[in-house]
Each structure stands twice: as C-alpha cells, then as structure tokens.
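Novice: Pasting a structure below so you can have a look.
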Amino acid sequence: MERTLAIIKPDAAKKRIIGKIVTRIEEEGFAIARMRLVHLTKDEAKGFYIVHKDKGFYDSLCEFMSSGPAVVMVLEAENAVKLWREVMGATDPALAKTGTLRRAYGFSIERNAVHGSDARETAAWEINYFFKG
Ligand code: CMP
C-alpha cells in the first residue's frame, strides 16, 4: 500500500466542508491512516513549503496556511499519490477538471482547498513533517 499526505486547507475548513472532503476521500477508497486538526504557525507553514521559498507566492501562501485550522491526513491506497492528485485536480481551480475537489471547492490558485504530495519521496518527507514516529 502506498501512502500520501493530504491537507484540507484553511479555506475549506472555514467553509465547513471538512466532512464533505473526508467523505469523498473514503468514497474514493482511501484508508485514513492518520488524521489531525492543526493550526499551523507561520514558521511551521514555511517549513512545510520550504521547496517554494524562492517563489513570489511563498509568503502569502504561508500566511494563508497559518490563517486558521486545517486537517492533515495520511491516506493509504494503491497508487495513493497519483490517485489523490487526480481526485484533487489541477492546482488552479479554474483549470481543474469537473468533478475534482479543487474545481468544486477551490477559490483561487492559492486558496485551492486541498494539498497532496507530488511524488512518493515527497510523501515520505511530508508525512514525517506532521507525523513523526
Ligand atoms: P499545494 O498543492 O499545496 O502546493 C503549493 C501551493 O502553493 C499550492 O497548492 C497553492 O496553494 C500555492 N500556489 C501554487 N502556485 C501558486 C501561484 N502561482 N500563486 C499563488 N499560490 C500558488
């Protein structure tokens, strides 16, 4: 079984659609192996998104990710990384396919409702960031 890290971002938590997103995750066949409600500090958000530190959107992204509660989860399935990325859709909700979570619930390229690891190696690093041991 493969694992990936998923985050229900603060925009979705604020809209009170955590339940809808968790339902979709379960309907897609993922097992939720770990799950925690967090309110990240800006430094924790900066650490998580360190690969984007040189991007123009880094500061705004970290401000947003620390603006309220979020849900971090470890999802398990065969090909979990790829499957979760398909369920989320493209980063920009305007470009995401109909039926994807970002198309349904994303507000902008930054406030795009959910996060998912982009590769197996990234997933291992991201899971360890939130769920040590
Ligand atoms: P995520 O999948 O969590 O990975 C990095 C995040 O940075 C991305 O979703 C968006 O929230 C944000 N992001 C990516 N590209 C941009 C952009 N061009 N402008 C603003 N935010 C972005």
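The values are calculated or read from the model by the stated rules, or taken from the named source; none is laboratory data. This structure is a prediction, so every number in the text was calculated from the model and none was measured. Heavy atoms of the whole protein, side chains included, go into the accessibility calculation; ligands, DNA and RNA do not. Shrake-Rupley method; radii C 1.70, N 1.55, O 1.52, S 1.80 Å.
Novice: Leaving out ligands and nucleic acids, note down the accessible area per residue over the chain with a 1.4 angstrom probe, in whole Å². It would help to have the intermediate numbers written out before the result.
Specialist: Numbers: 7260 Å² over 133 residues.
With the other protein chains kept in place, the chain gives 55 Å² per residue.
Novice: Further, regarding this structure: Counting alpha carbon pairs within less than 8 Å and at least 6 residues apart, what relative contact order, in whole percent, applies to the chain? Before the final figure, lay out the partial values.
Specialist: Working: 236 pairs, mean separation 49.3, N = 133.
Normalised by residue count, the contact order of the chain is 37 percent.
Novice: Number of Lys-Lys pairs in the range 5-133 under 14 Å by Cα, sequence gap 8 or more or different chains?
Specialist: Details: Lys9/Lys20; Lys9/Lys42; Lys42/Lys53; Lys46/Lys55.
The result is 4.
Novice: Under 1.5 on a/c is rounded, so check that first for the chain, then, if it is not, pick prolate when a/b is larger than b/c and oblate when it is not; a ≥ b ≥ c are the square roots of the alpha carbon gyration tensor eigenvalues. Please list the in-between numbers first.
Specialist: Values: a/c = 1.38, a/b = 1.12, b/c = 1.24.
It is rounded, given that a/c, with a ≥ b ≥ c, falls under 1.5.
Novice: Per the 1.4 Å probe, what fraction of the accessible area of the chain, in percent, lies on carbon and sulfur atoms? Working shown, then result.
Specialist: On the way: 3760 of 7260 Å².
Looking at the chain in its full context, I get 52 percent from C and S.
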